[in-house]
Every structure is written in C-alpha cells, then in structure tokens.
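Throughout, read-outs are computed from the coordinates displayed, never taken from laboratory work. All values derive from a computational prediction rather than experimental measurement. Reconstructed Cβ throughout: ideal geometry from the backbone, glycine too, with neighbour counts over all protein chains shown.
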Amino acid sequence: MISIIKRIVKTGTVALVCAAVLGLSVKLYAGDSTESPAMLAEHIVYIENMEFSPSQLQVKVGDSITWINKDFVPHTATALDKSWDSKNLSKGDEYTLVVTADIPTDYYCFYHTNMVASIEIME
Ligand SMILES: [Cu+2]
C-alpha cells in the first residue's frame, strides 16, 4: 500500500515538473515572438559601379543598415547634413548604422557627390 502511494506521489511530482517545464517553455516562446529582436531587419546596401544598391531602402526604427563597398575606388555613405558618416570605405569595407527615428534619410558619397540615395523610415 505504501509503495503504491509512493509511486502515485512520485508520478504526480513528475507530472508537475513536466507541466512547469512546458509552461516555462511556452512562456519563453511567447516572449521570443513578441519582443522585437527577431523582427528587426538587417539591410545591406552594396556600393557597386558608382551606385548605392538599392538606392531607396525602406527600413524601420531599430533596423540596421550595412553598406558594403564592392568597388575598387573608395566611397562613403554620408548623411546630407553629415550627422552620420561611414567615413572612408575602401573595397570590402563595411559600415553599419542602426536606424533611429530622427536620422536624416538622404545621403550621398562624399567623394562622388552625384552618388545619392535615401532611406525611408516606415511606421
Ligand atoms: Cu563614391
């Protein structure tokens, strides 16, 4: 009799632990899907053939944008008001900017002022 009770108690305990683990993992999963890191995008703009590609990019606040220079000549990605600036990017160099709500969205290459592009910050 005692051994049966012991077995029931044991089984019950195991079930409780299982439920707790399941509950915890469901909670963690919900946390992952509602918090933003998984939804933040990492955009890449290639600088190639004297152009930014894409030259117009839609982003959201919190996204990151990485410019990668694929040309042999150096370039920059520089806000028109210079408030953000990759500085010199030689071939293969990268510059990453995290999008905030107030950044200027028109930019150009400091060395080649006909190279212009923009980002659009979406709601
Ligand atoms: Cu350039």
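Here the spin labels are modelled as points 7 Å beyond Cα on the Cα-Cβ line, and at residue 42 and residue 96 they lie 0.6 nm apart.
Under a 5 Å amide H cut-off, with hydrogens placed 1.01 Å from N, residue 44 pairs with 66 among residues at least 5 apart or on other chains. Loop-located trypsin sites (Lys or Arg not before Pro) in region 74-115 (DSSP state not H, G, I, E or B) with no more than 12 neighbouring Cβ atoms inside 10 Å: 82, 87.
With each label point set 7 Å from Cα along the Cα-Cβ vector, what nm distance links residue 83 and residue 49? Output for this residue pair reads 3.3 nm. What does the charge add up to near residue 48, with Lys and Arg as +1, Asp and Glu as -1, over the other residues with Cβ less than 15 Å from its Cβ? Spelling it out: positives minus negatives among the neighbours equals -2.
Determine the shape class of region 40-122: with a ≥ b ≥ c the square roots of the Cα gyration tensor eigenvalues, call it rounded for a/c under 1.5, and otherwise prolate if a/b is greater than b/c, oblate otherwise. Prolate shape, in that a/c is at least 1.5 and a/b is the bigger ratio.
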